[in-house]
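Have a look at the structure below, then the notes.
The values are calculated or read from the model by the stated rules, or taken from the named source; none is laboratory data. From a predicted model like this one, the values you see are computed outputs, not experimental measurements. Cβ placement follows ideal geometry from the backbone for every residue including glycine, while neighbour counts extend to all protein chains displayed. Ligands, DNA and RNA are stripped out before the accessible areas are found, and what is left, the full protein with its side chains, is counted by its heavy atoms. Shrake-Rupley method; radii C 1.70, N 1.55, O 1.52, S 1.80 Å.
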Amino acid sequence: MQKTLVMVLSLGLFHYAVAQQNFTMSGYISDGSNGEDLIGATVYIEEIQGGTVTNVYGFYSLTLPAGTYEVKYQYIGFQDQVRIIKLDKDLKLDIEMPVADQELEAVVVTAEAEDVNVSSIEMSTVELDVKTITKLPAFAGEVDIIKSIQLLPGVSTVGEGASGFNVRGGGVGQNLILLDEAPVYQSSHLFGFFSVFNPDAVKDVKLYKGGIPAKYGGRLSSILDIRMKEGNKKSYDVSGGVGTIFSRLAVEGPVVKDKASFIVAGRRSYIDVLAAPFTDLLDDGAGLFFYDLTAKANVDIDDKNRLFLSGYFGRDVFKFDANQGFDWGNQTATLRWNHLFSDRFFSNFTGFYSNYDYAFAFGENDLDKFEWRSRIKTYNFKPEFTYFLNASNEVTFGADVLLYEFLPAEAEGVSNGEVTNISLDKKQALEASVYLANDHKVTDKLSAQYGLRLSHFNYLGPGAVYSYGESTPGQRRPLIGIEQSEDWETIQTYTNLEPRLGFKFQLSPVSSLKASYNRMNQYIHLISNTAASLPIDVWQPSTNNISPQQGNQVALGYFRNFKGNMFETSAEVYYKWNENQVDYIDGADIFINSFLEGDLLSGRGRAYGLELYAKKSQGRLTGWISYTLGKSELRVNGINYLNDFTNRTGEWYPTRFDQRHNLTLTTNYQLNKRISLSSVFTYISGTPTTFPTDRMSIQGYVIPVLDNVRNNVRIPDYHRWDLSATIDNVWRGKTRRNGKVRSGSDYLVISIYNLYGRENPFAIYFSQGINRQPMNLPVETGATQTAILGTILPSVSYNFKF
């Protein structure tokens with residue numbers, strides 16, 4: 001009897017173990033037309049009413065109990081794929097998604113899952129695909145990634161000709177811009193009118209404004225993650241365009257079909273070439289142009305290993321003649337290795353190099369001239385791991401090691417043949433971090449994303465180490481000592497914990513409530529006293545005198561879709577509080593100043609606001625409207641201290657990029673199968689600037705007086721309306737190759753930038769009249785308002801692919 005009972009229990013336990021045995025299905029999801037991995041494709045399991053999405057490499061993994069499942073693979077713009085899977089062992093299942101035949105009435109403007117804004121745990125995150133971006137009106141008719149994200153809530157610019165962008169009241173230098181994981185320090189060509197990213201080589205654009213995952217760090221305000229195409233693995237394609245300002249060309253194709261591919265894309269402006277026959281201003285070596293080259297190659301070594309190599313090389317040249325002018329440029333290189341340790345354990349190892357250098361020179365000959373050059377280099381190694389624990393938990397962990405090399409100034413002046421070297425010491429620093437995070441589906445309605453990042457910064461020799469004493473707040477600190485450090489000697493270290501937390505509560509199938517908190521630390525600083533970054537701004541590491549910036553942000557959002565996800569709406573509120581924000585004493589010298597650290601001030605910052613967003617993603621008429629109500633302020637002792645002349649305790653004042661209202665209305669109307677019309681209207685409140693509060697006249701010259709105020713007035717509001725028309729298949733989309741007819745496509749873009757010729761103000765300055773003033777009368781002064789572009793700008797560009 002006892003033996004029988006033991007046998008029955010053993011059989012029962014064996015049956016229970018088999019019944020509870022889990023197996024894993026995993027694989028890559030790709031575009032069936034060209035083999036490109038699809039980021040964020042949905043894998044939905046009907047039986048569990050849930051599933052997962054692919055990562056940035058198109059990989060997915062799901063671990064489930066043994067059984068039979070109906071698996072639906074979905075991605076907007078592609079035909080759904082359904083598989084009946086008998087899961088009685090681990091399965092490797094790669095899926096190629098056929099492109100859907102779009103009907104005119106079902107046009108969509110996104111490549112995300114239909115309800116991703118509601119179902120995903122991510123908030124304060126926006127993602128744009130290049131197909132959406134190409135439909136938007138743009139300056140000179142050219143597709144621009146940076147300009148496109150400025151149409152989204154919480155993202156703005158201080159005006160035309162301004163490099164970079166501002167996110168939720170943060171500065172331009174507080175955004176980390178990644179191109180295939182390599183940082184890009186200057187994101188603009190031609191002083192902000194075009195971005196450095198060639199749309200022909202870009203696959204995915206994702207901006208994190210808040211709720212930033214633990215794998216990212218190093219900046220306070222945002223992460224812009226741009227992923228390049230891998231190249232067509234099935235056939236050769238040539239695409240490009242000819243525009244008013246520049247032309248571009250891209251070539252992609254398989255090295256080994258379905259196994260290895262490449263893409264090479266280049267652009268070059270030709271204002272100088274077109275203008276040369278009509279002016280002598282471009283003689284003697286003068287020039288105004290930019291160029292860039294983007295390249296990538298990849299190979300599937302086997303089922304478990306994939307290798308990627310990519311790079312970017314770009315430059316702007318603005319020469320008055322052969323000896324005088326500006327130039328600046330980025331260079332990046334990224335090597336990545338994907339390795340599958342198992343069907344549930346995905347890894348990626350990345351090494352990258354980034355260099356941004358910038359220079360200018362003045363002087364007509366070698367006997368009288370001035371030359372200056374600066375740069376920042378970054379070397380990085382980053383191992384990342386993802387363990388798909390089960391259908392409810394996805395664990396990520398990894399590390400990040402960056403070596404910075406700073407060259408603040410390599411400068412030389414020559415006067416009457418006498419050379420004076422005024423270069424500044426090179427600087428270097430090491431930044432390292434480790435992180436651990438989990439995406440956790442707690443219940444059918446509640447999901448959480450939590451993690452912790454530990455960052456460490458080491459400011460290293462060689463070079464001079466300066467020590468400063470105390471001073472009256474707002475005045476230059478006195479130098480009290482200089483020491484020389486050895487190569488790789490530790491001068492100052494900082495270590496910080498960065499918790500991250502987010503959750504989503506599914507209120508209904510079409511609505512959810514989300515909240516997030518993140519802390520970020522920024523160890524390098526953009527030293528600039530202008531509203532927007534300039535090519536000659538200097539990057540500076542945290543030192544023994546400059547503490548790292550630290551930012552905290554909380555956000556709460558409500559997300560709701562209507563009419564089968566045709567309409568998406570959201571409302572988010574956020575609050576940010578920052579420490580160790582950099583500002584400057586009045587009259588600070590930030591250019592080639594060995595004692596710059598004595599001119600810097602440290603204070604507190606805060607920003608808060610409301611973001612509203614509504615989007616229509618299906619039908620003939622698509623588009624979105626976004627509105628941001630925001631405020632961004634600083635409080636620094638020694639600035640804006642009003643009547644507190646004893647302690648000089650600063651009061652809150654608006655940042656230079658504080659904008660109360662930001663409204664954009666973006667629409668696209670599909671007139672027929674070939675023609676679409678687009679419109680973008682933008683309205684932004686005027687940014688603050690500092691006006692004199694009084695003046696003195698000495699011997700007929702007016703001297704402005706500032707009463708310890710900062711950003712006390714605002715320039716007029718900014719608004720602009722752009723229109724464009726896109727005509728597809730101008731040549732009916734047929735090309736001939738080797739005697740065979742092959743499908744191709746082309747389109748013509750006709751655009752009008754600044755439709756009603758608004759002279760949007762960029763800056764306002766005061767000057768004294770040049771006329772002789774009568775005795776005993778006050779000297780006349782006047783204000784001058786400057787606009788970068790104050791006229792209508794029509795343009796035409798032709799784009800093709802075959």
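Select from the stretch 197-235 the residues that are polar (S, T, N, Q) and more than 21 Å from Pro548 (Cβ to Cβ) and write down the one among them that is surrounded by the fewest Cβ atoms within 10 Å (Cβ to Cβ). Applying the filter and picking the extreme gives Ser235. Cβ-Cβ contacts under 7 Å between residues 6 or more apart (or on different chains), taken from a first residue in the stretch 577-593 that is open to solvent by less than 30 Å² (accessible area, probe 1.4 Å) to a second residue that is at pLDDT 90 or above and small (Gly, Ala, Ser), are listed as Asn578/Gly551; Asn578/Gly605; Gln581/Ser602; Gln581/Gly603; Gln581/Gly605; Asp583/Gly603; Ile585/Gly638. Listed by first and then second residue, the pairs linking a residue in the stretch 473-494 that is at pLDDT below 95 to a residue that is hydroxyl-bearing (Ser, Thr, Tyr) and open to solvent by 70 Å² or more (accessible area, probe 1.4 Å), with Cβ atoms under 6 Å apart and 6 or more places separating them unless they lie on different chains, form an empty list. Selection of strands (runs of 3 or more DSSP E) fully inside the stretch 16-99 by the criterion of at least 3 residues being more than 28 Å from Gly253 (Cα to Cα) and open to solvent by 40 Å² or more (accessible area, probe 1.4 Å) returns 67-74, 81-87.
From the list Val126, Val116, the lone residue that is in contact with a helix residue (DSSP H, G or I) (Cβ under 8 Å, 6 or more places away or on another chain), open to solvent by 20 Å² or more (accessible area, probe 1.4 Å) and either over 30 Å from Glu633 (Cα atoms) or at pLDDT below 90 (or both) is Val126.
Listed conditions (1) more than 25 Å from His661 (Cβ to Cβ); (2) crowded, with 18+ Cβ neighbours inside 10 Å; (3) over 22 Å from the mean Cα position of the chain (by Cα) are all met by Glu568, apart from (1).
Please work out which one of (1) at pLDDT 95 or above; (2) open to solvent by 10 Å² or more (accessible area, probe 1.4 Å); (3) closer than 28 Å to Phe191 by Cβ is the condition Phe362 fails and give its number. Phe362 satisfies every listed condition except (1).
When every residue of the stretch 548-558 is checked against the conditions, none turns out to be surrounded by fewer than 17 Cβ atoms within 10 Å (Cβ to Cβ) and at pLDDT below 95. One residue alone among Arg500, Arg519 is within 30 Å of Val434 (Cα to Cα), open to solvent by 40 Å² or more (accessible area, probe 1.4 Å) and within 26 Å of the chain's Cα centre (by Cα), and that residue is Arg519.
Looking across the stretch 306-343, the residues that are open to solvent by less than 40 Å² (accessible area, probe 1.4 Å), farther than 25 Å from Asp400 by Cα and not small (Gly, Ala, Ser) come down to Arg315, Asp316, Val317, Asp321, Gln324, Asp327, Trp328. For Ala106, the conditions (1) more than 12 Å from the chain's Cα centre (by Cα); (2) at pLDDT 85 or above all hold with the exception of (2).
Taken together, the criteria place Arg476 among residues that are outside any strand (DSSP E or B) and touching an Asp or Glu at 6+ places or on another chain (Cβ under 9 Å).
Taking the criterion of being over 16 Å from Asp31 (Cβ atoms) and charged (D, E, K, R), the residues of the stretch 53-86 that qualify are Glu70, Lys72, Arg83, Lys86. Looking at Val238, Val256, Val273, just one residue is open to solvent by 40 Å² or more (accessible area, probe 1.4 Å), at pLDDT 90 or above and over 23 Å from the mean Cα position of the chain (by Cα), and that residue is Val256.
Look at Gly287 and say whether it is free of Cβ contacts under 8 Å to residues at least 40 places away in the same chain and touching a helix residue (DSSP H, G or I) at 6+ places or on another chain (Cβ under 6 Å).
So Gly287 passes the test.
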